[in-house]
1. Using alpha carbon centroids, what distance separates the stretch 111-174 and the stretch 40-57, in Å?
2. For the stretch 131-201, state which GluC sites (Glu not before Pro) are in a DSSP loop and have at most 15 other beta carbons lying within 10 Å of their beta carbon.
3. Which one, LYS270, LYS193, LYS172, has the greatest fluctuation when you compute a Gaussian network model over the chain with C-alpha springs under 10 angstrom?
4. With the full set of protein chains in place, find how many percent of the accessible area of the chain is carbon and sulfur; take the probe as 1.4 Å.
5. Report relative contact order for the chain in percent, whole number only (criteria: Cα-Cα under 8 Å, sequence separation at least 6).
6. In whole Å and largest first, what semi-axes does the C-alpha gyration tensor of the stretch 217-315 yield when each eigenvalue is scaled by 5 and square-rooted?
7. What accessible area per residue, rounded to a whole number of Å², is obtained for the chain using a probe radius of 1.4 Å?
8. Is the chain best put as rounded, prolate or oblate by its Cα gyration tensor, with a ≥ b ≥ c the root eigenvalues, rounded for a/c under 1.5, and otherwise prolate when a/b is larger than b/c, oblate when not?
Amino acid sequence: METKYLDILDEETLAFVKHTEDFYPPYAVNAPIPEQRQYYDALCREYHIEYPEGVSSSDRTLKNREAFIQLRNYVSVSGVSRAHIVFFHGGGFVVGNLETHDSICAEFCGRTGCSVTAVDYRLAPEHLHPAAFDDSLVAFQRIANETDLPIILVGDSAGGNLAAAVSHTARKEEKQPIGQVLIYPALGGDQTKGSYIEHANAPGLTLDDIDYYHRIRTGGKGLPQDVSAMPLLDEDFSNLPPTVIITAECDPLADDGRDYRDKIAAAGGKVVWINEEGLIHGYLRARSTVKRAADSVTRIVEAIEMLADGKWEYN
């Protein structure tokens, strides 16, 4: 870790970095894919939090042509939902599943009063791009047809990429999301400048990690220059749903959030970008041990509640 992070990160966040590396060491990205997934699954189990009282979940399966998409539905004991969240998990399109983000989905359900569906899209390298995007879009379309509730798309990291890509594509759909909340999303920004260079060696995610995940996602062919892979490259940012982007200060991806905000704003859309001071990529897991992370999750919950109520409270 470079010296500057010792100055920027507080003691709780530094402890989170250290504990994370005990389960998912920096060299894990060079391990065989099955081993990477074991590391990541163990890390997420370490930070699992029990469901809020009254929240329960159940699993089901959707068919997408010859593929099967696993979904996990979360509901509150009240049975009354103000909106429905469709959640896409992070993990570089390579790791992650319904279990790794189980407790955060349950928390969003319990704290927002929204029902939630988590989407277990297909992963690379077994299924190259656009498999994850295809599954995410089909899941959104099916859920939209099944519910009368307004839908909010939420995703972290790679899942933020998928949520944004679905939002751009869903402008053609009869039922569109009423909002999107993107948490430290990877949106296809310029890797030669800004946060990509300043935080190229940040704890939690490095520029080398990002390049690695891009290669695995495409089988080494390079990402296509279209919205399904890189939402920032879309030529049209009009008619997107109200958008809340929350990034971490010490993250190569931070400027993706700023640039995405600027493009939506230029097209006349409702958008806000919050860059969380002193936090790193993946901080959702730290919400029970790091006050800065807990405060950020509260802001995420408040953003979801705002969108669910059909309001816009940012200047």
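1. 21
2. GLU173, GLU174
3. LYS172
4. Looking at the chain in its full context, I get 48 percent from C and S.
5. After rounding, I find 17 percent.
6. For the stretch 217-315, the semi-axes come out at 24, 21, 11 Å.
7. 42
8. rounded
The values are calculated or read from the model by the stated rules, or taken from the named source; none is laboratory data. On a predicted model such as this, the values are computed, not experimentally measured, just so you know. Heads up, the Cβs are rebuilt from the backbone with ideal geometry, glycines too, and the neighbour counts pull from every protein chain shown. For accessibility, only protein heavy atoms count, side chains too; no ligands or nucleic acids. Shrake-Rupley method; radii C 1.70, N 1.55, O 1.52, S 1.80 Å.
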